[in-house]
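Below you'll find the structure, written out as structure tokens, and then a few comments.
The values are calculated or read from the model by the stated rules, or taken from the named source; none is laboratory data. Since the structure is predicted, the reported quantities are computational estimates derived from the model, not experimental observations. No Cβ is skipped: glycine too gets one built from the backbone with ideal geometry, and neighbour counts run over all protein chains shown.
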Amino acid sequence: MRAAGAMQHFDFNLLASLDALLAEKNVTRAARRMNVTQSTMSGILRRLRDQFEDELLVRFGRRYELSPFAQSLAVSVRQTILQIDTTISAKPLFDPKTDRRRFRIMASDYNTMVYLAEVFRRVGKEAPNLGFDIVPINSPLEHVRDGTVEMCVTGNPYTHEEASADPLLRSDELFSEVYCCVVDGRHPLRGKVTLDQVARFSHVVAQFLGVTMQTSELMTRLRRNGAHPSVNVPTFYVIPGMIHGTRSIGILPGKMFELVPERLRLRKLDVAFEMPCFTEHLIWHSRFAYDPAFGWLRGMMLGAAAG
């Protein structure tokens, strides 16, 4: 079966079950996922083992792990399932006035406030029946690949570089932004401040799961200059409230500072060093390249970024 060309003998009715077994690494959970009995899934696993001439799931104590061959199958099987699902569910034509669709977008609270709010205002006027689920940043490329989300809006350069190197992913440039240092209105730092001066205070910074933040280099430089321990938070939005009435310094994207309710009680520091900057990108999977509804929404998002 594993010889070249032998896929002609594969029973494609088992593809979804194979995907479930590779993802769950457990017969019981795979059976639950496929809504079949455990004995049925055990029989399917036996058939798959016969067809591939490989164990696929190998027992290690009380758990199972994928065999090396199964590991090599996992990504391609998942992508095949997603491509089939996209092809079947996509309508050949899309009418924004009447069609219904729900999109899942991964984005930070910054992008939701600064960018997606404008996207949704525009979309709402032309496609009132479209729905959206916004999920927080968490290992974005992994979730774009596995179909958890249709797209991700991110300004992280490392994520963009990895996406650009993946032939299955696509990336559109949206807009650029610069971080700023924000303090309470009564903070003792005044005038143009140096890195050494900023390092004398504690800092509040955002850190997302599965992402190396572009603020990390600045935080490393501050620690080398003797900075106090920082406070890492999961969203940008909480930073202004946390630094109000304190001597801490918040690291915040500049456009977001203009929108937060606490802005009048805070101020931006004039710094004598370069702050991190980033360019936001829309990252999506190539399986949506010919999906009319997705293409329409992507066009709206690019238009909103262009102003």
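Quick notes on this structure:
- Among the candidates 220, 215, 194, residue that is at pLDDT 95 or above and of a type in the set (Val, Ile, Thr): 194
- Residue that is farthest from residue 234 (Cα to Cα) [pool: residues in segment 92-108 that are in a loop (DSSP other than H, G, I, E, B) and in contact with a strand residue (DSSP E or B) (Cβ under 9 Å, 6 or more places away or on another chain)]: 94
- Output for segment 149-186, where each listed residue is touching a helix residue (DSSP H, G or I) at 6+ places or on another chain (Cβ under 6 Å), in a loop (DSSP other than H, G, I, E, B) and not hydrophobic (A, V, I, L, M, F, W, C): 185
- Residue match in segment 251-273 (condition: in contact with a strand residue (DSSP E or B) (Cβ under 6 Å, 6 or more places away or on another chain), among the β-branched types (Val, Ile, Thr) and either exposed (fewer than 15 other Cβ atoms within 10 Å of the Cβ) or farther than 28 Å from residue 305 by Cβ (or both)): no
- Taken over segment 252-290, the criterion of being assigned to a loop (DSSP other than H, G, I, E, B) and touching an Asp or Glu at 6+ places or on another chain (Cβ under 9 Å) is satisfied by 276 alone.
- Scan of segment 223-251 for residues that are within 19 Å of residue 200 (Cβ to Cβ) and assigned to a strand (DSSP E or B), ordered by number: 231, 249, 250, 251
- Residue match in segment 79-101 (condition: modelled with pLDDT of 90 or more, under 28 Å from residue 205 (Cβ atoms) and among the polar types (S, T, N, Q)): no
- In segment 144-160, the residues that are touching a residue at least 12 places away in the same chain (Cβ under 8 Å) and more than 16 Å from residue 215 (Cβ to Cβ) never reach a residue that is surrounded by 23 or more Cβ atoms within 10 Å (Cβ to Cβ) and of a type in the set (Lys, Arg) with C-beta atoms less than 8 angstrom apart, at least six apart or across chains.
- Pair list, Cβ < 7 Å and 6+ apart or interchain, from segment 246-259 residues that are at positive phi and touching a residue at least 40 places away in the same chain (Cβ under 8 Å) to residues that are of a type in the set (D, E, K, R) and in a loop (DSSP other than H, G, I, E, B): none
- Lone qualifier among 77, 123, 119, 114 - being buried (at least 16 other Cβ atoms within 10 Å of the Cβ) and more than 23 Å from residue 305 (Cα to Cα): 77
- Residue tally, condition loosely packed, with under 12 Cβ neighbours inside 10 Å and either among the polar types (S, T, N, Q) or assigned to a loop (DSSP other than H, G, I, E, B) (or both), over segment 195-222: 1
- For segment 31-55, filtering for residues that are closer than 19 Å to residue 70 by Cα and either not in a helix (DSSP H, G or I) or not assigned by TED's automatic domain parsing to the domain that holds residue 14 (or both) leaves 3.
- Residue 116 being in the same structural domain as residue 305 (by TED's automatic domain parsing), farther than 23 Å from residue 256 by Cβ and not β-branched (Val, Ile, Thr): no
- Residue within segment 21-30 that is part of a loop (DSSP other than H, G, I, E, B), out of contact with any His (no Cβ under 7 Å at 6 or more places or on another chain) and at pLDDT below 85 present: no
- Residue, nearest to the chain's Cα centre (by Cα), within segment 109-148, restricted to residues that are in a loop (DSSP other than H, G, I, E, B) and of a type outside the set (A, V, I, L, M): 139
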